Ligand SMILES: [Zn+2]
């Protein structure tokens, strides 16, 4: 959006708004003046620092009446076209397919995406971006430098929660020491699509609860026991699947979900159900362990 005003400042030389801005800011606006217009002037330099030369993206129209924007087929400046270029330049592109899991709320899918590309605000990532911090130590164990793999796989807290997960589901990749290794192992396990989807939901619920716990520990000094994090992971996965599966009867009994080691998820026609938790044996009393935002 800042670049849009840079573009308009460059191309609408006779516009009234431009003259007003110039008068109000004792123009010409300089990069050192401070304020929003100074920031707009600096956008050319800021984007230059990541390899984007704005001047090469604009060229004079053939009839000499103005300027064209190279990045859009309409030849007019669009914020989205520049946004895509910035993303292409600044975000890692390793060819990995992005998972978008239908039984997860959007915010959980976004967290999973950020975990997989190492874009959580862990202390090593913040330090790389120049954010000053009193410490770079993991707030959960206070013994190791914090990075994504440590938080999700190697921290003593995540290891204990992982051990609980192993006691619950026999496929939990407890030996993995990296997030990518964890996710690859989880994807490599066989089974039909429904079973694979359930595994991914449970894996994401684990990431979600570990990250929530990490933030609560860092900012609220609220320390939970690992068994509580594990129970919250079970409950959250249960709620996500229960609320979003098409048939609505995939999971009906939290206590069975928590106690069963081998859920047998099956699809019969349009009906998706767990053979261990059949809909004709409903136990519908569910006591939430945590509140769930179903947005
Ligand atoms: Zn730790």
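Taking only the Cα atoms of region 56-185, the ratio Rg/Rh comes out at 1.17, with Rh defined as the Kirkwood radius. Peptides 41-50, 228-237 ranked from most to least packed give 228-237, 41-50, packing being the mean of other C-beta atoms within 10 angstrom over each peptide's residues. The simple Förster model, with R0 at 41 Å and r as the Cβ-Cβ distance, assigns residue 38 and residue 185 a FRET efficiency of 0.25. Ranked by the mean number of other Cβ atoms within 10 Å per residue, highest first, peptides 164-173, 200-209 order as 200-209, 164-173. Please label the shape of region 109-217 as rounded, prolate or oblate, based on the square roots a ≥ b ≥ c of the eigenvalues of the alpha-carbon gyration tensor (a/c under 1.5 means rounded; beyond that, a/b larger than b/c means prolate, else oblate). Prolate.
Computed from label points 7 Å out along Cα-Cβ, the spacing between residue 23 and residue 1 is 2.7 nm. The separation of region 111-176 from region 191-225, counted between C-alpha centres, amounts to 11 Å. Once you have a ≥ b ≥ c as the square roots of the Cα gyration tensor eigenvalues for region 171-226, tell me rounded if a/c is under 1.5, and otherwise prolate or oblate according to whether a/b is larger than b/c. Prolate, because a/c is 1.5 or more and a/b exceeds b/c. Per-residue packing, averaged as other Cβ atoms within 10 Å, sorts the ranges 153-159, 213-219, 78-84 into the order 153-159, 213-219, 78-84, beginning with the highest.
When a/c is below 1.5 the answer is rounded, else prolate if a/b is larger than b/c, else oblate, so apply that to region 110-165 with a ≥ b ≥ c taken from the square roots of the Cα gyration tensor eigenvalues.
oblate
Bear in mind these aren't lab numbers, they're just calculated from the coordinates by the rules spelled out. Small disclaimer: the values here were computed from a predicted structure and weren't measured. Methodologically, a virtual Cβ is constructed for each residue, glycine included, from the backbone with ideal geometry; neighbour enumeration extends over all protein chains shown.
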